[in-house]
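Novice: Handing you this structure, nothing more for now.
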Amino acid sequence: MLTSCQMADCLHDAGLRPGDSVMLHISFKSLGSVEGGPVAVIEAFLDVLSPAGTLLAPTLIFNGSQHVFLAGYPSNVDLRTTPSCTGVLSETLRTRPGAVRSIHATHPVAAVGARATELSGRHHLDDTAVGPNSPWALNAASDNGWIVLLGVTHASNTTLHHLEELYTDWLLPPLATQVTFLDTAGQRRTARLRPYTPHLPRDYPKIEPLLLADGLQHNIPLGHTTVRLIRAAAMLERIGREVRRNQYYLLKDPAARPPALTPVARCTGDR
């Protein structure tokens, strides 16, 4: 049975340090038996990161296609209470005392730690999921920002969507969908969002050999699974070179060549 201390030792040995920020994507069940459950995993990260560090995790409020979800957006979304659909650990982090949740109609992120508000407080300014003000982008803009994939592969690495937003012209439709929800203060907000173009399967795991070869990713065993630790800023720079050369690089079938979409001005905030 894994303990919080064992996990903390493992994460420290892998390179995490006090003051770092971590965007965590996790399959909790992949760890096997954990003494203390999801809370113990969170405590392990916070122990290593120290009070100066920050732990973040996606708390998306839907499963499946963002495009489909927005088309039938529920009338009762309340970011104070609507649970995370991205696993038990993300929901445990969301409901932890002192946690903050970014304000976004589909892709809110939970955060705990010194920079929680700084990294999550601008998400509502974007009209996309992983735009320049999203916690994924802001974490990747930090010198000490990490992406940790615990029991999952790069298929779950949402930060790669930010690369697509930066360097492709096929990802975002010109038309936005308007939705209304209650934010983390209980205030009603109307937001206009551009969902990602559907039906374009990705091959995100293909980046792993490149990151390992360049020393930008470390894989370590933990319990019954593998932890992948990736330097977020370095990943954006390295894989960004590939996407700039070929904007279809991250697609499962790059030869599919989806049509370019008409560029439109970005929304500067919700109303």
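The numbers here are math on the coordinates, done by the rules we state, and not lab data. The shown structure was predicted, so the numbers you read here are calculated from the model rather than taken from an experiment. For neighbour counting, all protein chains shown are included, and Cβ atoms are generated from backbone atoms with ideal geometry for every residue, glycine included.
Novice: Any chance you could get the radius of gyration and Dmax over the Cα atoms of the range 1-119, in Å?
Specialist: 15.0, 46
Novice: Oh, and also: Among the GluC sites (Glu not before Pro) within the range 1-98, which fall in a DSSP loop and have no more than 13 other Cβ atoms within 10 Å of their own Cβ? Please list the in-between numbers first.
Specialist: Numbers: sites: Glu35, Glu43, Glu91; in loops: Glu35.
Those satisfying the criteria are Glu35.
Novice: Classify the range 132-271 as rounded, prolate or oblate, taking a ≥ b ≥ c as the square roots of the eigenvalues of its Cα gyration tensor: rounded when a/c is under 1.5, otherwise prolate if a/b is larger than b/c and oblate if not.
Specialist: oblate
Novice: Checking the a/c ratio against 1.5 first, then a/b against b/c, what shape does the Cα gyration tensor give for the range 69-167?
Specialist: rounded
Novice: When the chain is treated as a GNM, springs tying every alpha-carbon pair under 10 Å, which of Ala233, Ala137, Ala14 comes out with the largest mean-square fluctuation?
Specialist: Ala14
Novice: Find, among the chymotrypsin sites (Phe, Trp or Tyr not before Pro) in the range 187-261, those assigned to loop by DSSP (not H, G, I, E, B) with at most 14 other beta-carbon atoms within 10 angstrom.
Specialist: none
Novice: Right, another one. What residue among Ile103, Ile207, Ile26 has the largest mean-square fluctuation in a Gaussian network model of the chain, using Cα springs under 10 Å?
Specialist: Ile207
Novice: Whole-Hz ³J(HN,Hα) for each residue in the range 25-37, computed from phi via Karplus 6.51 cos²θ - 1.76 cosθ + 1.60 with θ = phi - 60°, x for glycine and proline: what do you get?
Specialist: Values per residue, Gly and Pro as x: 10, 8, 9, 4, 5, 5, 6, x, 7, 10, 5, x, x Hz.
Novice: May I ask you to derive the FRET efficiency for Thr95 and Ala255 from their Cβ-Cβ distance with R0 = 35 Å, giving the value to the nearest 0.05?
Specialist: Working: r = 45 Å, r/R0 = 1.28.
Once the sixth-power term is evaluated, E becomes 0.20.
Novice: Divide by every residue of the chain the summed helix terms, -39500 (n - 2.57) for each DSSP H run of at least 4, and state the resulting mean residue ellipticity at 222 nm, rounded to the nearest 500 deg cm²/dmol.
Specialist: -8000 deg cm²/dmol, from helical runs alone.
Novice: Please identify the chymotrypsin sites (Phe, Trp or Tyr not before Pro) of the range 1-91 that satisfy two criteria: DSSP loop assignment and at most 16 other Cβ atoms within 10 Å. Which are they?
Specialist: Those that pass, being in a loop and sparsely packed, number zero.
Novice: In addition: Mind listing the long-range amide H neighbours of Arg202? Cut-off is under 5 Å, sequence gap 5 or more, other chains count too, H placed in the peptide plane at 1.01 Å from N.
Specialist: For Arg202, the qualifying residues are Lys252.
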